[in-house]
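Take a look at the structure set out below.
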Amino acid sequence: MENKCIMQVEHLTKVFTSGIIAGEKTVAVKDVSFKMDQGKVISLIGESGSGKTTIGRIILKLLKPTEGKLYYNGEDITNINSKQEKKEYYKKVQAIFQDPFSSFNPLFRIDRIFNMVFSSFMKDVKDRKTLIEQSLESVNLNPKRILNKFPHQLSGGQLQRLLIARALLLDVDILIADELISMLDASTRIGVLNLLVELCKKNGMTVLFITHDLNLGYYISDTTLIMYKGRLVERGDTKKIYKNPVHPYTKMLFESVPEIGNKWDKEELFLPETVIQDVKKFYQTNSEQGFKEVEPDHMVLFSD
Ligand SMILES: Nc1ncnc2c1ncn2[C@@H]1O[C@H](COP(=O)(O)OP(=O)(O)O)[C@@H](O)[C@H]1O
Ligand SMILES: [Mg+2]
């Protein structure tokens with residue numbers, strides 16, 4: 001089957017200016033380009049602070065890029081801004097954030113939250129009840145047990161499944177999952193991940209899976225994007241990158257991955273000084289420049 005590009009970001013840059021002390025600047029994302037094909041899982045991997053969430057928020061139109069373009073289905077959506085245009089966009093592009101509790105109004109029962117999907121996005125749909133039940137069943141939740149509950153009565157795993165069900169109900173094209181399962185325990189994680197991949201393949205949904213965990217990225221994705229300090233440093237077919245990592249930061253990630261299912265210790269998120277030195281040396285000593293193909297569907301950044 002021909003790959004159909006559903007989302008493309010071109011030369012994205014985001015500079016934050018914090019105005020408190022004379023406008024200190026943070027370059028959160030610098031010149032990042034990639035494509036997302038329909039029905040694929042794309043993982044965006046990098047250490048804390050590397051710019052992953054910023055990219056997710058730009059795609060979700062929650063942040064304006066400082067530079068660069070965003071194309072959805074071939075259409076330039078960088079500057080869409082009106083309420084109506086955004087609403088149309090959110091019918092097709094949705095997110096699951098790290099903390100599932102913050103995604104639901106704590107005062108509403110689940111049935112009300114799900115019915116609101118219709119009043120906000122799909123007013124004309126008649127048989128709401130059946131559609132809601134189907135979406136819950138497909139994420140292995142029992143509608144009878146879930147619909148009359150409040151969010152705080154459900155576990156983190158159940159809430160994340162609910163978010164996936166909501167995306168299915170909307171029949172979204174793109175789901176952005178930012179550190180989706182980092183709050184869940186090991187046994188629940190694999191279940192939610194498998195479910196996500198399965199539904200993605202079945203429904204032709206594209207998932208941008210944002211994680212700091214290389215192992216999860218490998219487990220879940222067709223395409224891998226590796227971020228380092230705001231730059232996309234390696235990009236391409238997941239198997240190729242894992243078999244033949246070229247950028248020193250990617251190599252370092254392979255040397256320090258914990259077993260799948262284990263939580264990554266927060267303390268370990270800081271970059272060792274040796275890595276920073278290795279990356280500098282790599283940029284200075286190799287003879288290539290810029291973002292270059294090292295084999296088909298495998299690109300590497302050779303200079304900063
Ligand atoms: N609203 C903001 N204002 C200022 N700086 C920000 C803001 N959001 C993120 N940053 C900074 O941008 C960088 C990238 O952050 P982020 O995209 O959250 O990284 P990640 O998701 O990979 O951990 C960090 O240095 C972070 O402190
Ligand atoms: Mg983040």
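Computed values, structure above
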{"item": "Tally of residues being surrounded by fewer than 17 Cβ atoms within 10 Å (Cβ to Cβ) and within 13 Å of ligand 2 (Cβ to nearest atom) across segment 9-48", "result": "1"}
{"item": "Subset of segment 201-233 (residues that are crowded, with 24+ Cβ neighbours inside 10 Å and of a type in the set (Phe, Trp, Tyr))", "result": "209, 228"}
{"item": "Search result, residues across segment 25-60 that are assigned to a strand (DSSP E or B), within 12 Å of ligand 1 (Cβ to nearest atom) and under 27 Å from residue 81 (Cβ atoms)", "result": "25, 26, 27, 28, 29, 30, 32, 44"}
{"item": "From the options 194, 140, residue that is on the phi > 0 side of the Ramachandran plot and surrounded by fewer than 21 Cβ atoms within 10 Å (Cβ to Cβ)", "result": "140"}
{"item": "Cross-chain or 6+ apart pairs with Cβ under 7 Å, segment 70-87 first and at pLDDT 95 or above, then not aliphatic (A, V, I, L, M)", "result": "70/78; 71/8; 76/69; 77/71; 77/89; 78/69"}
{"item": "Count of segment 49-85 residues which are within 16 Å of ligand 2 (Cβ to nearest atom) and small (Gly, Ala, Ser)", "result": "4"}
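The values are calculated or read from the model by the stated rules, or taken from the named source; none is laboratory data. The structure displayed is predicted, hence computed values, not measured ones. Heads up, the Cβs are rebuilt from the backbone with ideal geometry, glycines too, and the neighbour counts pull from every protein chain shown.
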